[in-house]
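> First, the structure itself, so that you have it in front of you.
Rule-based calculations on the coordinates, nothing more; no lab input. A quick note: this is a predicted structure, and the numbers were derived from the prediction, not measured. All Cβ positions, glycine included, derive from the backbone under ideal geometry; neighbour counts span all protein chains shown.
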Amino acid sequence: MMVEINPLTKGIMDQHVKEFLLIDDSIQGEKWSRENFLFDLPEKWNLSLQVLSNQTLAGFLIASNKDNAFHIHRLAIGSDFQNQGLGRQLVERLQHIARTRKVKLITLKVLNTNTDAIRFYERIGFVLKQREKQNVWMELNMNE
């Protein structure tokens, strides 16, 4: 399987938003609309990534710069491509960008009922920082 991780630009998103919406359907919780995917956030189009397998969209990571940290807003891998390390590769690429820019934290929020996602993030180094009624906040300290 030929896999490549590429920057996710607004133009690519606009052109292929239906493919992103299909993959997004597998995420637990609030569903994103076309507008959510195309909404501009600080540095979103410099930090977001897509993973392609044989030129087919296999997954994506949408991030922005928030409070001097990179914040992952969305990470999803298509069902045909799960359990192949693609989610880890996307996060590792974002970590690389963070290190080169001397960003110290990567943060995210996930539904507290999404135990698979929480376990995944813990396996790759994220720690639980705060528990809310419906969500948990996690972070990855780039200094550790």
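> Contact order normalised by length for region 5-106, with contacts defined as Cα pairs under 8 Å and 6 or more residues apart; what percent is it? Show your work: numbers first, answer last.
Working: 150 pairs, mean separation 25.2, N = 102.
Value for region 5-106: 25 percent.
> Please work out the Cα center distance from region 64-79 to region 16-36, rounded to the nearest Å.
Between the Cα centres of region 64-79 and region 16-36 lies a distance of 14 Å.
> A further question on this structure: Please compute the volume of the convex hull spanned by the alpha-carbon atoms of the chain and report it per residue in Å³.
110
> Mind ordering 11-17, 90-96 by average Cβ neighbours within 10 Å, highest first?
90-96, 11-17
> A follow-up question, please. Amide H of residue 59 versus every other amide H placed in the peptide plane: which residues, excluding those fewer than 5 positions away on the same chain, fall under 5 Å?
Here the answer is 51, 78, since their amide H atoms fall under 5 Å of that of residue 59.
> Taking +1 at the Cβ of each Lys and Arg and -1 at the Cβ of each Asp and Glu, which of 108, 50, 68 sits farthest along the dipole of region 3-141 towards its positive end, judged by Cα position relative to the Cα centre?
Positive-most Cα among the choices belongs to 68.
> When ranked by the protection proxy of mean other Cβ atoms within 10 Å per residue, highest first, what sequence do the peptides 30-37, 103-110 form?
103-110, 30-37
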